[in-house]
1. In Å, what is the Rg of the alpha-carbon atoms in the range 23-70, and how long is Dmax?
2. In a solvent-free Debye calculation with one equal scatterer on each Cα, what is log10 I(q)/I(0) for the chain at q = 0.12 Å⁻¹, listed in the order of the q values?
3. Counting Lys and Arg as +1 and Asp and Glu as -1, each charge on the Cβ, what is the dipole of the range 3-101 about the Cα centre in debye, to the nearest 20?
4. Convert each backbone phi in the range 11-27 into a coupling constant with the Karplus relation 6.51 cos²θ - 1.76 cosθ + 1.60 (shift: θ = phi - 60°), then list the ³J(HN,Hα) values in order as whole Hz, x for Gly and Pro.
5. Apply the Karplus parameterisation 6.51 cos²θ - 1.76 cosθ + 1.60, with θ equal to phi minus 60°, to every residue of the range 77-93 and state each ³J(HN,Hα) to the nearest whole Hz, in sequence, with x for glycine and proline.
6. Pairs of lysines 8 or more apart, or on different chains, with alpha carbons under 14 Å: count those in the chain, would you?
7. Relative contact order for the range 8-81: what is it in percent, counting Cα pairs under 8 Å that are at least 6 residues apart?
Amino acid sequence: MRYCVVITTCAKKEEAEALAAKILEKKLAACVQLSEIQSFYEWDGKICNVSEIKLMLKTRTVLYPQLEACIVENHRYDVPEIIQLPIHAGLNAYLNWLNDVTQGGDAEE
């Protein structure tokens, strides 16, 4: 797949906004959407129930390694959630825009 959605989470809105800005400045994603969520998970043998901010990043698959590295480098979690989901289809005009505004988008892959 040429395009994908990457999901990660942050503990606080300010952290999510700073991470989103850094990713957009580096042109590693075309769009970052933030949503407040409630997460339930097990960590260190305990069940956790925490408020978080989910980031949905729309990008090109070829940029995933750089995007993952940027998230890891700028994230406060020891093990941040970073999941890549393929985009199988989408509006051509939207995908063309996504391509145009991301790093190296005008070059052949």
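What follows draws every value from the coordinates through simple rules; no lab data is involved. Keep in mind that what you see is a predicted model, and the values were worked out from it rather than measured. All Cβ positions, glycine included, derive from the backbone under ideal geometry; neighbour counts span all protein chains shown.
1. In Å, with Rg to one decimal and Dmax whole: 14.0, 38.
2. Cα-only, vacuum Debye calculation for the chain: -0.42.
3. In total the dipole reaches around 280 debye.
4. Per-residue couplings from phi come out as 6, 9, 4, 4, 5, 5, 5, 5, 5, 4, 4, 4, 5, 5, 4, 7, 6 Hz.
5. Karplus-based 3J(HN,Hα) across the range 77-93 equals 6, 4, 10, x, 5, 9, 10, 9, 10, x, 9, 7, 7, x, 4, 4, 4 Hz.
6. 4
7. It comes to 38 percent, rounded to a whole number.
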